[in-house]
Amino acid sequence: MYFLAQDSRVLVAFDPVRYAELHMLRSSKQADSLPATIKNRILWALPLLSFCLGLILMGLYGFQAWNGYQNKARLDFEHQFERLLNALQENNKSNQQLLHGVVGLFNSSDSVSREEFHRYIQGLRLLDNYPGIQAVGFTLFARRDRIENPIASPYVAGDAEYRIWPESERETLAAVHYIEPLNERNRRVLGYDNYSDPLRRKTLETVLESGRPMMTNKIILQQGTVPDVQFGYLLFVPIYHRNSADEDSPSKLELAPKN
């Protein structure tokens, strides 16, 4: 196809197809005229560029895969943690119910003997029905002037070996009077003053103020020995004296069982 353009002097014929062919031919000649070193660099750079691009794509894919794995691991951990937390809460409720039964035992009598306490705990069958519980105990919380002669206490009658330890000059004591099952390991706890340990004392003071059950943080249990240290937790549930004039007053809290 021709276009004719006329000025004041000449008539010009223009063929666009032919113009394009000439332009491509000129470009090809210019490319052929490039120095050989530049061509070699371009040819050498193309594989390297492809390799780098492949590494980038692989990195992006790996990052996405790792991010997906991390998200899945986080969701699995949260799910397992929630299940464990629910199990611990259910176990804690079960332990509280057990100790509330001990509260009922002491509230039903003016004085519960060691033999009565033994029979009651034995009937619970701790190993079968409450796995994880090592012992259930009874701690007497009182001022020193109330228990200056612990052997005369009705809670330790007939036990000439009972003593409160460690020795101290504190005005308030929280000594373990009963503990079951009374095996060799648990016998080491008898007479232990829970107020001598800051962690136990802090929990007992909170129980005194609130009147509600509370568990200690992780502590060293007295059942262990020096080369065989044993860690665990204590759950305290308060028992108020039956003759208390004001059962809601923390100052009237006389007894606290120990798990």
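Annotations for the structure displayed:
- Only a single item in (1) over 21 Å from Ala135 (Cα atoms); (2) modelled with pLDDT under 90 is not met by Val229, and it is number (1).
- Taken as a whole, the range 122-129 holds no residue that is touching a strand residue (DSSP E or B) at 6+ places or on another chain (Cβ under 6 Å) and either closer than 21 Å to Arg201 by Cβ or modelled with pLDDT of 85 or more (or both).
- Any hit, the range 39-53, residues being among the hydrophobic types (A, V, I, L, M, F, W, C), more than 30 Å from Gly211 (Cα to Cα), modelled with pLDDT of 80 or more and assigned to a helix (DSSP H, G or I): yes
- If you go through the range 79-114 and pick out every residue that is aliphatic (A, V, I, L, M) and surrounded by 14 or more Cβ atoms within 10 Å (Cβ to Cβ), you end up with 6.
- Conditions (1) closer than 29 Å to Ser108 by Cβ; (2) of a type in the set (S, T, N, Q); (3) modelled with pLDDT of 90 or more: number failed by Ser251: (3)
- Filter result for Gln134 (surrounded by 11 or more Cβ atoms within 10 Å (Cβ to Cβ), outside any helix (DSSP H, G or I) and modelled with pLDDT of 90 or more): yes
- Selection of the range 127-143 for residues being small (Gly, Ala, Ser) and either at negative phi or without any contact (Cβ under 8 Å) to a residue 40 or more places away in the chain (or both) yields Ala135, Gly137, Ala142.
- Considering residues of the range 183-209 that are without any contact (Cβ under 8 Å) to a residue 12 or more places away in the chain and polar (S, T, N, Q) only, the residue farthest from Thr139 (Cα to Cα): Asn183
- Filtering Val189, Val207 for residues that are among the aliphatic types (A, V, I, L, M), in a helix (DSSP H, G or I) and at pLDDT 80 or above leaves a single hit, Val207.
- Unmet criterion (only one of (1) over 19 Å from Ile133 (Cβ atoms); (2) of a type outside the set (A, V, I, L, M, F, W, C); (3) modelled with pLDDT of 85 or more) for Tyr155: (3)
The values are calculated or read from the model by the stated rules, or taken from the named source; none is laboratory data. The structure presented is a predicted model; accordingly, all values stated were derived computationally and were not measured. Positions of Cβ are backbone-derived with ideal geometry, glycine not excepted, and every protein chain shown enters the neighbour counts.
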